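Let me begin by presenting the structure, written as structure tokens, before commenting on it.
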Amino acid sequence: MKRFLTLLAAVAATLELSAEGYQVNNLSTRQTGMGHVGTAMKLNSESIFFNPAATAFQTSRFDMSVGAAGILSYCTYTPAPTMDNGFYSGESRSWDSDNKMSTPIYAYFNYKPAKRWAVGVGFFTPDGSSMNWGDNWPGAHLIQSIDLAAYTVQPTVSFKICDRLSVGAGLMITWGNFDLSRSMLPVATGNLTAAGGLQLAAGTLQAKVEQLEQQPSTPELAAQIAALNGYIDQANAGAAYFAGHHSGEALVSARLEGSADVAVGVNAGILWEPDPRWSLGMSWRSRMNMQVGRGHAVLNYVSPETQQYLTLLNALSTMAGGSEVIPGLDKGTFSAELPLPTTVTWGVSFRPAPEWELAVDLQWVGWSAYEALNVVFNEPELGIDPIYSVKNYSNTLTFRFGGQYRANEWLTARMGMYVDESPVSSDYLNPETPSMTKLSYTAGLSFRPCRHVSIDLAYCYVSSADPERTGSYPVYNYQDNTQLESVFSGNYKLHAHVLSFGAGFSF
């Protein structure tokens, strides 16, 4: 039962990724080149995401922007020196992730039927990540691979109260999905755990046989003893099998899949232009509760023999009055709920000359709302209590700065940077998302082959503000949610390359 609850805790960590995860800062190719600023800028249809109030400043009747980014992230884990690993250190014992490319997309359309108001709609992927550590790395019992994404459709309306002041608001209709794989047993000790369990079961059955042999012989008793001897032979064979094979290999992995139900939130913004050179803006996005109603699991065994002997171990464990060592996760479904927190962003834009624009954004994210996560098994007949998983996230700030220079009618160049605080403390650092304070540098270009079309390119390099981050992930006794049993500690290094492409149309 304890291992099963530990697994559900990993599900909780997975669900948390759709919130904290890698916040996608690639929802506009042009603004990616400027450090993803934009709250106080007049960006036409792209302001649907950055500040809905600014869409009313659009000069054309129609504006559309589409694009996509390719994110290649790399993470390296080096275990912390401990007594168990001989206090080794250095890069000789490190593991690299093998992540597939993440591809967030966006599309915005804005229509301005009158001088003072506009309506539009956006589609984008505000959260998502992909991490693949492989099947047999030391932390496989926490995570092998994960792939998740959140999607948002945002209808928006904005209105100019006067020539220099506008307001806007819209709905955020969000849903998502995740796919997680993890080992049910630690790869370093899984074979010993299975072998020891079968040896213990064989010893218990042998004691039972010896006890029965002291009783007067009957046909029924002889049949019972023969059956127990059969189990003993199988258990001994299984113990020998695990003792001689599969060291450092994931014996059985669980793949968990689920989809979050649609959640609805609200966003609003205001933009004020005190004079032609300055703009001030603020945008707000409400908290949303994402719910996974019926998640499913599949068990994958490394070989048919492994499945045979682990199934035998489960049977012997329940015969002895205990719980299954490898529970049948595929027999039930789970549900969970977590918040996507409130965000508030303030922005300033300055245009010292017609060809120049500089902008600064400061974003506050209310992560303190994420104190804990409950995971509930939907089928009460399975007798599994809800899991209360403590998170204790902290509120964060993100600072963004960028500038653009319009060289001529057909070329605009951009540069920027941002610093994104991590909400996760070092004593809750985990390999599902080795969260770090991110430091990013960006650059971009826009080409206008004709008056109504813009072709946009941007590059972003993301790294940790520290060369590496050291932390640990607590493994609790989830039967009472209090006693700390062990931690998974180590050093993490992270960097990513982002290449974004976009196109804009106005007419």
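The values are calculated or read from the model by the stated rules, or taken from the named source; none is laboratory data. Bear in mind the structure is a predicted one, so any value in this text is a computation, not a measurement. Every residue, glycine as well, gets a Cβ built from its backbone with ideal geometry; the counts of neighbours run over all protein chains shown.
Could you please give the count of residues in the range 96-111 that are in contact (Cβ under 8 Å) with a residue 40 or more places away in the chain and surrounded by fewer than 22 Cβ atoms within 10 Å (Cβ to Cβ)?
Count: 4.
Residues of the range 42-71 being surrounded by 24 or more Cβ atoms within 10 Å (Cβ to Cβ) and among the charged types (D, E, K, R), which ones?
Glu46, Asp63
If only one of Ala207, Ala194, Ala188 is within 48 Å of the chain's Cα centre (by Cα) and closer than 19 Å to Leu312 by Cβ, which one is it?
That would be Ala194, the only listed residue that is within 48 Å of the chain's Cα centre (by Cα) and closer than 19 Å to Leu312 by Cβ.
Here are some residues: Ala239, Ala250, Ala227. Which one is in contact with a helix residue (DSSP H, G or I) (Cβ under 8 Å, 6 or more places away or on another chain) and part of a helix (DSSP H, G or I)?
Ala239
I'm checking my understanding of the structure. Among residues of the range 495-504 that are surrounded by 21 or more Cβ atoms within 10 Å (Cβ to Cβ) and under 19 Å from Lys100 (Cα atoms), which one is modelled with the highest pLDDT?
For the range 495-504, the residue satisfying everything is Ser500.
Under the condition of being of a type in the set (Gly, Ala, Ser) and touching a Lys or Arg at 6+ places or on another chain (Cβ under 6 Å), which residue from the range 95-148 is nearest to Val266 (Cα to Cα)?
Ala118
Just to check your reading of the model, which residue among Val298, Val302, Val292 is surrounded by 15 or more Cβ atoms within 10 Å (Cβ to Cβ) and touching a helix residue (DSSP H, G or I) at 6+ places or on another chain (Cβ under 8 Å)?
Being surrounded by 15 or more Cβ atoms within 10 Å (Cβ to Cβ) and touching a helix residue (DSSP H, G or I) at 6+ places or on another chain (Cβ under 8 Å) holds for just one of Val298, Val302, Val292, which is Val292.
Check Leu27, Leu43 and return the single one that is modelled with pLDDT under 95 and under 26 Å from Thr103 (Cβ atoms).
From the options Leu27, Leu43, the qualifying one is Leu27.
Taking into account only those residues within the range 213-260 that are among the charged types (D, E, K, R) and farther than 17 Å from Ala194 by Cα, which is surrounded by the most Cβ atoms within 10 Å (Cβ to Cβ)?
Ranking the qualifying residues of the range 213-260, first place goes to Arg255.
Assuming Ala372 fulfils every condition listed in (1) under 30 Å from Pro274 (Cα atoms); (2) aliphatic (A, V, I, L, M); (3) free of Cβ contacts under 8 Å to residues at least 40 places away in the same chain apart from one, which condition is it?
All conditions are met except number (1).
Can you find a residue that is over 13 Å from Ser435 (Cα atoms), at pLDDT 90 or above and under 20 Å from the mean Cα position of the chain (by Cα) anywhere in the range 461-469?
yes
Every residue in the range 278-288 that is farther than 16 Å from Asn267 by Cβ and either surrounded by fewer than 16 Cβ atoms within 10 Å (Cβ to Cβ) or not small (Gly, Ala, Ser) (or both), please.
Answer for the range 278-288, where residues must be farther than 16 Å from Asn267 by Cβ and either surrounded by fewer than 16 Cβ atoms within 10 Å (Cβ to Cβ) or not small (Gly, Ala, Ser) (or both): Trp278, Leu280.
For the range 330-365, which residues satisfy the criterion of being among the hydrophobic types (A, V, I, L, M, F, W, C) and either crowded, with 22+ Cβ neighbours inside 10 Å or at positive phi (or both)?
Within the range 330-365, Phe334, Ala336, Leu338, Leu340, Ala359, Val365 qualify.
What number of residues within the range 387-427 satisfy the criterion of being more than 27 Å from the chain's Cα centre (by Cα) and over 19 Å from Asn25 (Cβ atoms)?
Qualifying residue count for the region: 9.
Being more than 30 Å from Pro79 (Cα to Cα) and either of a type in the set (Phe, Trp, Tyr) or surrounded by fewer than 19 Cβ atoms within 10 Å (Cβ to Cβ) (or both) narrows it down to one of Pro126, Pro155, so name that one.
Just a single option satisfies the conditions, and that option is Pro155.
Of all residues in the range 305-329, which are crowded, with 20+ Cβ neighbours inside 10 Å and either under 30 Å from Arg400 (Cβ atoms) or touching a Ser or Thr at 6+ places or on another chain (Cβ under 9 Å) (or both)?
Correct list: Leu316, Val325, Ile326.
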